Amino acid sequence: MRLGEFRKEEQRNSELEKLHFTFLHSIPKNKTSEVTFILVGFSEYPDLQVPLFLLFLTIYTVTVLGNLGMIAIIRLNPKLHTPMYFFLSHLSFVDFCYSTVVTPKLLENLIVEDRRISFTGCVTQFFFACIFVVTETFMLAVMAYDRFVAVCNPLLYTVAMSPKLCWSLVAASYSWGITCSFVFIHFMLTLFFCGTKFINNFVCEHDAIVAVSCSDPYISQKVIFIFATFNELSSLMIILTSYFFIVITVMKMPTTGGRYKVFSTCASHLTTITIFHSIIICLYCVPTTKSSWLLVKVASVFYTVIIPMLNPLIYSLRNKDVKDAVRKLMSSHSSS
(Lines give C-alpha, C1' and ligand atoms only; values in the text may rest on other atoms or scores of the structure.)
Protein backbone atom coordinates (compact mmCIF):
# COMPACT_ATOMS: atom_id res chain seq x y z
CA MET A 1 0.00 0.00 0.00
CA ARG A 2 2.77 2.36 0.91
CA LEU A 3 4.63 1.42 -2.25
CA GLY A 4 1.57 2.31 -4.36
CA GLU A 5 1.15 5.65 -2.61
CA PHE A 6 4.84 6.38 -3.11
CA ARG A 7 4.55 5.66 -6.87
CA LYS A 8 1.44 7.87 -7.15
CA GLU A 9 3.25 10.71 -5.31
CA GLU A 10 6.26 10.33 -7.59
CA GLN A 11 3.99 10.44 -10.65
CA ARG A 12 2.25 13.61 -9.40
CA ASN A 13 5.62 15.29 -8.77
CA SER A 14 6.75 14.35 -12.27
CA GLU A 15 3.59 15.84 -13.79
CA LEU A 16 4.01 19.04 -11.72
CA GLU A 17 7.59 19.39 -12.90
CA LYS A 18 6.44 19.05 -16.51
CA LEU A 19 3.76 21.71 -16.01
CA HIS A 20 6.26 24.03 -14.31
CA PHE A 21 8.73 23.53 -17.16
CA THR A 22 6.04 24.24 -19.78
CA PHE A 23 4.88 27.39 -17.89
CA LEU A 24 8.37 28.83 -17.58
CA HIS A 25 9.05 28.39 -21.28
CA SER A 26 5.69 29.93 -22.21
CA ILE A 27 6.66 33.26 -20.59
CA PRO A 28 8.28 35.74 -23.03
CA LYS A 29 11.77 36.60 -21.83
CA ASN A 30 13.84 39.72 -22.38
CA LYS A 31 16.64 38.01 -24.29
CA THR A 32 19.10 40.91 -24.32
CA SER A 33 21.63 38.92 -26.33
CA GLU A 34 19.13 38.73 -29.21
CA VAL A 35 18.05 42.41 -29.03
CA THR A 36 19.73 44.77 -31.49
CA PHE A 37 19.34 48.51 -31.81
CA ILE A 38 20.10 50.56 -34.91
CA LEU A 39 21.06 54.18 -34.27
CA VAL A 40 19.39 56.17 -37.03
CA GLY A 41 21.42 59.29 -36.28
CA PHE A 42 21.66 61.56 -39.32
CA SER A 43 21.36 58.77 -41.89
CA GLU A 44 18.34 60.48 -43.49
CA TYR A 45 20.78 63.12 -44.78
CA PRO A 46 23.26 61.03 -46.85
CA ASP A 47 24.86 64.06 -48.51
CA LEU A 48 25.81 65.48 -45.11
CA GLN A 49 27.54 62.38 -43.72
CA VAL A 50 31.10 63.38 -44.67
CA PRO A 51 30.75 67.10 -43.75
CA LEU A 52 29.17 66.14 -40.41
CA PHE A 53 31.96 63.63 -39.77
CA LEU A 54 34.64 66.28 -40.36
CA LEU A 55 32.74 68.80 -38.24
CA PHE A 56 32.23 66.47 -35.28
CA LEU A 57 35.79 65.15 -35.55
CA THR A 58 37.10 68.71 -35.30
CA ILE A 59 34.81 69.45 -32.35
CA TYR A 60 35.89 66.26 -30.56
CA THR A 61 39.59 67.05 -31.15
CA VAL A 62 39.13 70.53 -29.69
CA THR A 63 37.13 69.04 -26.78
CA VAL A 64 39.84 66.51 -25.88
CA LEU A 65 42.74 68.97 -26.23
CA GLY A 66 40.85 71.78 -24.49
CA ASN A 67 39.66 69.81 -21.47
CA LEU A 68 42.82 67.77 -20.95
CA GLY A 69 44.85 70.94 -21.50
CA MET A 70 42.77 72.77 -18.90
CA ILE A 71 43.35 69.98 -16.38
CA ALA A 72 47.10 69.99 -17.10
CA ILE A 73 47.40 73.80 -16.77
CA ILE A 74 45.54 73.79 -13.45
CA ARG A 75 47.67 70.96 -12.07
CA LEU A 76 50.99 72.46 -13.25
CA ASN A 77 50.43 76.07 -12.12
CA PRO A 78 50.52 76.53 -8.31
CA LYS A 79 48.70 79.86 -8.69
CA LEU A 80 45.63 77.94 -9.87
CA HIS A 81 45.53 75.60 -6.87
CA THR A 82 42.40 77.22 -5.47
CA PRO A 83 38.87 75.83 -4.91
CA MET A 84 37.51 77.54 -8.03
CA TYR A 85 40.06 75.90 -10.33
CA PHE A 86 39.80 72.63 -8.43
CA PHE A 87 36.11 72.49 -9.39
CA LEU A 88 36.94 73.67 -12.92
CA SER A 89 39.41 70.80 -13.37
CA HIS A 90 36.69 68.31 -12.42
CA LEU A 91 34.23 70.02 -14.78
CA SER A 92 36.80 69.58 -17.56
CA PHE A 93 37.23 65.92 -16.62
CA VAL A 94 33.47 65.35 -16.72
CA ASP A 95 33.20 67.09 -20.11
CA PHE A 96 36.04 64.99 -21.52
CA CYS A 97 34.46 61.73 -20.28
CA TYR A 98 30.99 62.74 -21.42
CA SER A 99 32.15 63.60 -24.93
CA THR A 100 34.23 60.41 -25.15
CA VAL A 101 31.22 58.26 -24.24
CA VAL A 102 29.10 59.73 -27.05
CA THR A 103 31.19 61.19 -29.88
CA PRO A 104 33.28 58.18 -31.07
CA LYS A 105 30.12 56.15 -31.74
CA LEU A 106 28.60 59.16 -33.52
CA LEU A 107 31.68 59.45 -35.74
CA GLU A 108 31.63 55.72 -36.48
CA ASN A 109 27.97 55.80 -37.54
CA LEU A 110 28.66 58.67 -39.94
CA ILE A 111 31.15 56.66 -42.01
CA VAL A 112 29.83 53.07 -41.81
CA GLU A 113 26.57 51.69 -43.11
CA ASP A 114 26.17 49.20 -40.27
CA ARG A 115 24.79 51.35 -37.45
CA ARG A 116 23.86 48.47 -35.16
CA ILE A 117 24.60 48.55 -31.45
CA SER A 118 23.92 45.71 -29.03
CA PHE A 119 21.45 46.05 -26.18
CA THR A 120 24.33 45.83 -23.69
CA GLY A 121 26.35 48.46 -25.56
CA CYS A 122 23.39 50.83 -25.73
CA VAL A 123 22.56 50.47 -22.03
CA THR A 124 26.24 50.91 -21.13
CA GLN A 125 26.48 54.12 -23.16
CA PHE A 126 23.35 55.48 -21.49
CA PHE A 127 24.66 54.47 -18.04
CA PHE A 128 27.91 56.44 -18.34
CA ALA A 129 26.34 59.37 -20.22
CA CYS A 130 23.77 59.70 -17.42
CA ILE A 131 26.49 59.68 -14.75
CA PHE A 132 28.39 62.52 -16.36
CA VAL A 133 25.44 64.75 -17.29
CA VAL A 134 24.01 64.56 -13.74
CA THR A 135 27.46 65.13 -12.28
CA GLU A 136 27.97 68.20 -14.49
CA THR A 137 24.56 69.55 -13.44
CA PHE A 138 25.57 69.58 -9.78
CA MET A 139 29.21 70.51 -10.45
CA LEU A 140 27.94 73.77 -11.95
CA ALA A 141 25.81 74.29 -8.83
CA VAL A 142 28.84 73.64 -6.60
CA MET A 143 30.83 76.20 -8.60
CA ALA A 144 28.03 78.75 -8.07
CA TYR A 145 28.21 78.14 -4.32
CA ASP A 146 31.98 78.60 -4.48
CA ARG A 147 31.54 81.98 -6.18
CA PHE A 148 28.97 82.96 -3.54
CA VAL A 149 31.43 82.27 -0.71
CA ALA A 150 34.28 84.02 -2.54
CA VAL A 151 32.27 87.20 -3.19
CA CYS A 152 30.12 87.41 -0.06
CA ASN A 153 32.67 86.13 2.48
CA PRO A 154 36.10 86.86 0.95
CA LEU A 155 37.93 86.97 4.29
CA LEU A 156 36.63 83.53 5.30
CA TYR A 157 36.88 82.02 1.81
CA THR A 158 39.98 79.90 2.47
CA VAL A 159 38.56 78.60 5.73
CA ALA A 160 35.01 78.08 4.47
CA MET A 161 36.07 76.30 1.26
CA SER A 162 38.49 73.90 2.91
CA PRO A 163 40.04 71.04 0.90
CA LYS A 164 37.87 68.58 2.84
CA LEU A 165 34.67 70.44 1.90
CA CYS A 166 35.77 70.76 -1.74
CA TRP A 167 36.42 67.03 -2.02
CA SER A 168 33.13 66.28 -0.27
CA LEU A 169 31.16 68.46 -2.72
CA VAL A 170 32.86 66.84 -5.73
CA ALA A 171 32.36 63.34 -4.31
CA ALA A 172 28.68 64.12 -3.66
CA SER A 173 28.21 65.23 -7.29
CA TYR A 174 29.78 62.04 -8.66
CA SER A 175 27.92 59.84 -6.15
CA TRP A 176 24.53 61.33 -7.00
CA GLY A 177 25.26 60.93 -10.72
CA ILE A 178 26.07 57.23 -10.20
CA THR A 179 22.97 56.75 -8.01
CA CYS A 180 20.64 58.31 -10.60
CA SER A 181 22.18 56.23 -13.36
CA PHE A 182 21.70 52.96 -11.43
CA VAL A 183 18.06 53.86 -10.69
CA PHE A 184 17.32 54.64 -14.35
CA ILE A 185 19.03 51.45 -15.53
CA HIS A 186 17.11 49.37 -12.98
CA PHE A 187 13.71 50.56 -14.21
CA MET A 188 14.80 50.38 -17.85
CA LEU A 189 15.79 46.73 -17.46
CA THR A 190 12.30 45.91 -16.19
CA LEU A 191 11.04 46.65 -19.71
CA PHE A 192 10.77 43.98 -22.39
CA PHE A 193 12.79 44.50 -25.57
CA CYS A 194 12.51 42.29 -28.61
CA GLY A 195 14.01 41.91 -32.07
CA THR A 196 15.72 44.72 -33.95
CA LYS A 197 14.59 48.27 -33.26
CA PHE A 198 15.47 51.65 -34.76
CA ILE A 199 16.52 54.33 -32.25
CA ASN A 200 15.78 57.71 -33.78
CA ASN A 201 18.87 59.41 -32.38
CA PHE A 202 22.68 59.21 -32.56
CA VAL A 203 23.02 58.44 -28.84
CA CYS A 204 21.30 55.95 -26.55
CA GLU A 205 19.11 58.33 -24.54
CA HIS A 206 16.41 57.15 -22.15
CA ASP A 207 13.43 58.43 -24.15
CA ALA A 208 14.78 56.98 -27.39
CA ILE A 209 15.39 53.56 -25.80
CA VAL A 210 12.06 53.19 -23.97
CA ALA A 211 10.23 54.40 -27.09
CA VAL A 212 11.16 51.12 -28.83
CA SER A 213 10.39 48.79 -25.91
CA CYS A 214 7.78 46.08 -26.40
CA SER A 215 6.18 46.81 -23.01
CA ASP A 216 4.59 49.79 -21.29
CA PRO A 217 7.37 52.28 -20.34
CA TYR A 218 5.11 54.42 -18.13
CA ILE A 219 6.87 53.67 -14.81
CA SER A 220 10.36 54.11 -16.26
CA GLN A 221 9.36 57.41 -17.85
CA LYS A 222 7.77 58.62 -14.61
CA VAL A 223 10.88 57.77 -12.60
CA ILE A 224 13.26 59.62 -14.91
CA PHE A 225 10.86 62.59 -15.08
CA ILE A 226 10.77 62.86 -11.27
CA PHE A 227 14.55 62.55 -10.91
CA ALA A 228 15.28 64.91 -13.82
CA THR A 229 12.85 67.51 -12.42
CA PHE A 230 14.43 67.23 -8.96
CA ASN A 231 17.97 67.54 -10.38
CA GLU A 232 17.09 70.54 -12.52
CA LEU A 233 15.10 72.42 -9.87
CA SER A 234 17.50 71.74 -6.99
CA SER A 235 20.62 72.68 -8.98
CA LEU A 236 18.97 75.82 -10.38
CA MET A 237 17.79 76.76 -6.87
CA ILE A 238 21.39 76.60 -5.61
CA ILE A 239 22.64 78.60 -8.60
CA LEU A 240 19.94 81.30 -8.49
CA THR A 241 20.18 81.70 -4.70
CA SER A 242 23.98 81.99 -4.89
CA TYR A 243 23.88 84.62 -7.63
CA PHE A 244 21.04 86.49 -5.93
CA PHE A 245 23.29 87.15 -2.93
CA ILE A 246 26.26 87.83 -5.21
CA VAL A 247 24.30 90.57 -7.03
CA ILE A 248 23.23 92.13 -3.70
CA THR A 249 26.83 92.12 -2.47
CA VAL A 250 28.15 93.59 -5.74
CA MET A 251 25.57 96.39 -5.72
CA LYS A 252 26.79 97.42 -2.27
CA MET A 253 30.39 97.81 -3.46
CA PRO A 254 31.49 101.45 -3.50
CA THR A 255 33.75 101.27 -6.57
CA THR A 256 32.93 100.28 -10.12
CA GLY A 257 36.32 98.59 -10.41
CA GLY A 258 35.38 96.09 -7.70
CA ARG A 259 32.05 95.40 -9.39
CA TYR A 260 33.70 94.84 -12.76
CA LYS A 261 36.23 92.44 -11.26
CA VAL A 262 33.49 90.31 -9.64
CA PHE A 263 31.32 90.27 -12.76
CA SER A 264 34.28 89.35 -14.98
CA THR A 265 35.12 86.47 -12.62
CA CYS A 266 31.54 85.17 -12.66
CA ALA A 267 30.89 85.82 -16.37
CA SER A 268 32.47 82.55 -17.55
CA HIS A 269 30.47 80.48 -15.09
CA LEU A 270 27.23 82.29 -15.91
CA THR A 271 27.78 81.73 -19.63
CA THR A 272 28.33 77.99 -19.11
CA ILE A 273 25.27 77.68 -16.85
CA THR A 274 23.03 79.57 -19.29
CA ILE A 275 23.99 77.42 -22.27
CA PHE A 276 23.84 74.10 -20.39
CA HIS A 277 20.53 74.58 -18.58
CA SER A 278 18.84 76.25 -21.57
CA ILE A 279 19.56 73.20 -23.72
CA ILE A 280 18.51 70.74 -21.00
CA ILE A 281 15.22 72.55 -20.33
CA CYS A 282 14.54 72.85 -24.06
CA LEU A 283 15.20 69.13 -24.52
CA TYR A 284 12.81 68.10 -21.75
CA CYS A 285 10.11 70.52 -22.90
CA VAL A 286 10.04 69.14 -26.44
CA PRO A 287 7.37 66.42 -26.86
CA THR A 288 8.80 63.24 -28.38
CA THR A 289 6.65 63.16 -31.50
CA LYS A 290 7.78 62.16 -34.98
CA SER A 291 7.95 65.79 -36.10
CA SER A 292 10.08 66.83 -33.12
CA TRP A 293 12.84 64.21 -33.35
CA LEU A 294 15.04 66.47 -35.49
CA LEU A 295 14.85 69.18 -32.82
CA VAL A 296 15.66 66.56 -30.18
CA LYS A 297 18.72 65.47 -32.18
CA VAL A 298 19.95 69.04 -32.57
CA ALA A 299 19.49 69.71 -28.84
CA SER A 300 21.28 66.43 -28.06
CA VAL A 301 24.20 67.50 -30.26
CA PHE A 302 24.50 70.73 -28.30
CA TYR A 303 24.61 69.24 -24.82
CA THR A 304 26.57 66.06 -25.65
CA VAL A 305 29.06 67.33 -28.24
CA ILE A 306 29.24 71.12 -28.38
CA ILE A 307 28.97 72.11 -24.69
CA PRO A 308 31.95 69.92 -23.65
CA MET A 309 33.98 71.81 -26.28
CA LEU A 310 32.71 75.27 -25.27
CA ASN A 311 33.46 75.05 -21.54
CA PRO A 312 37.29 75.08 -21.75
CA LEU A 313 37.13 77.76 -24.47
CA ILE A 314 34.85 79.97 -22.37
CA TYR A 315 37.00 79.66 -19.26
CA SER A 316 40.31 80.08 -21.10
CA LEU A 317 39.27 83.05 -23.26
CA ARG A 318 37.55 85.00 -20.48
CA ASN A 319 39.83 84.10 -17.57
CA LYS A 320 42.95 86.23 -17.04
CA ASP A 321 44.62 83.73 -14.67
CA VAL A 322 44.25 80.88 -17.16
CA LYS A 323 45.56 83.01 -20.04
CA ASP A 324 48.57 84.09 -17.94
CA ALA A 325 49.25 80.46 -17.00
CA VAL A 326 49.14 79.42 -20.67
CA ARG A 327 51.54 82.23 -21.64
CA LYS A 328 54.00 81.26 -18.90
CA LEU A 329 53.81 77.61 -19.89
CA MET A 330 54.41 78.41 -23.57
CA SER A 331 57.26 80.81 -22.79
CA SER A 332 58.96 78.26 -20.52
CA HIS A 333 58.73 75.59 -23.23
CA SER A 334 60.04 77.96 -25.92
CA SER A 335 62.98 79.06 -23.76
CA SER A 336 63.87 75.48 -22.88
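Once the Cβ-Cβ distance between Asp324 and Ile185 is put in as r, and R0 is 45 Å, what FRET efficiency do you end up with, to the nearest 0.05?
According to the calculation, E is roughly 0.55.
Past 22 Å, Cα to Cα: identify those pairs from Lys164/Lys328; Lys105/Lys222; Lys164/Lys323; Lys164/Lys320; Lys261/Lys323; Lys252/Lys320, in the order given.
Over 22 Å Cα-Cα: Lys164/Lys328; Lys105/Lys222; Lys164/Lys323; Lys164/Lys320; Lys252/Lys320.
Any idea of the accessible area per residue across segment 28-117, 1.4 Å probe, to the nearest Å²?
Dividing the accessible area of segment 28-117 by its residue count gives 49 Å².
Translational diffusion coefficient, Stokes-Einstein: compute it for segment 66-126 using the Kirkwood radius over C-alpha pairs as Rh, at 20 °C and 1.002 mPa s, and state it as an integer in µm² s⁻¹.
157
Between Thr124 and Val298, what length comes free when the chain is fully extended (0.36 nm per residue of separation minus the Cα-Cα distance, one decimal in nm)?
Full extension from Thr124 to Val298 adds 60.4 nm.
At 1.4 Å probe size, with every protein chain present, just tell me what the per residue accessible area of segment 147-201 comes to in Å².
54
Amide H of Gly41 versus every other amide H placed in the peptide plane: which residues, excluding those fewer than 5 positions away on the same chain, fall under 5 Å?
Amide H neighbours of Gly41, under 5 Å, 5+ apart: Asn201, Phe202.
Say R0 is 25 Å: what FRET efficiency, to the nearest 0.05, do Arg75 and Glu113 get from their beta-carbon distance?
0.05
Measuring from label point to label point, each 7 Å out along Cα→Cβ, what is the Cys214 to Lys252 span in nm?
6.5
Report the residues of segment 106-122 in range of a label on Leu57: point 7 Å along Cα→C-beta, backbone N strictly under 17 Å from it.
106-113
Hey, what's the Cα Rg ratio for segment 65-179 versus the globular rule of thumb, 2.2 N^0.38 Å?
Taking N as the residue count of segment 65-179, the ratio is 1.30.
So if the hydrodynamic radius of segment 144-230 is defined as the Kirkwood radius over C-alpha pairs, what does Stokes-Einstein give as its diffusion coefficient at 4 °C and 1.567 mPa s, in µm² per second?
In µm²/s, the coefficient rounds to 81.
Obtain the radius of gyration and the Kirkwood radius of segment 194-283 from its C-alpha atoms and give Rg over Rh.
1.23
Just subtract the alpha-carbon distance of Ile306 and Arg259 from 0.36 nm times their residue separation and send over the number in nm, one decimal.
Full extension from Ile306 to Arg259 adds 13.8 nm.
For segment 88-168, run through the GluC sites (Glu not before Pro) and keep only the ones in DSSP coil with at most 15 other Cβ atoms within 10 Å of their Cβ.
When the GluC sites (Glu not before Pro) of segment 88-168 are filtered for loop state and at most 15 Cβ neighbours within 10 Å, Glu113 remain.
Taking the Cα centre of segment 91-137 as the origin and placing charges on Cβ (Lys, Arg +1; Asp, Glu -1), which of Cys130, Thr120, Val102 is farthest toward the positive end of the dipole?
Thr120
The values are calculated or read from the model by the stated rules, or taken from the named source; none is laboratory data. All figures in this text were calculated on a predicted structure; none of them were measured in a lab. Cβ: placed from backbone, ideal geometry, glycine included. Neighbour counts: every protein chain shown. Surface areas here come from the heavy atoms of the whole protein model, side chains and all, with no ligands, DNA or RNA. Shrake-Rupley method; radii C 1.70, N 1.55, O 1.52, S 1.80 Å.
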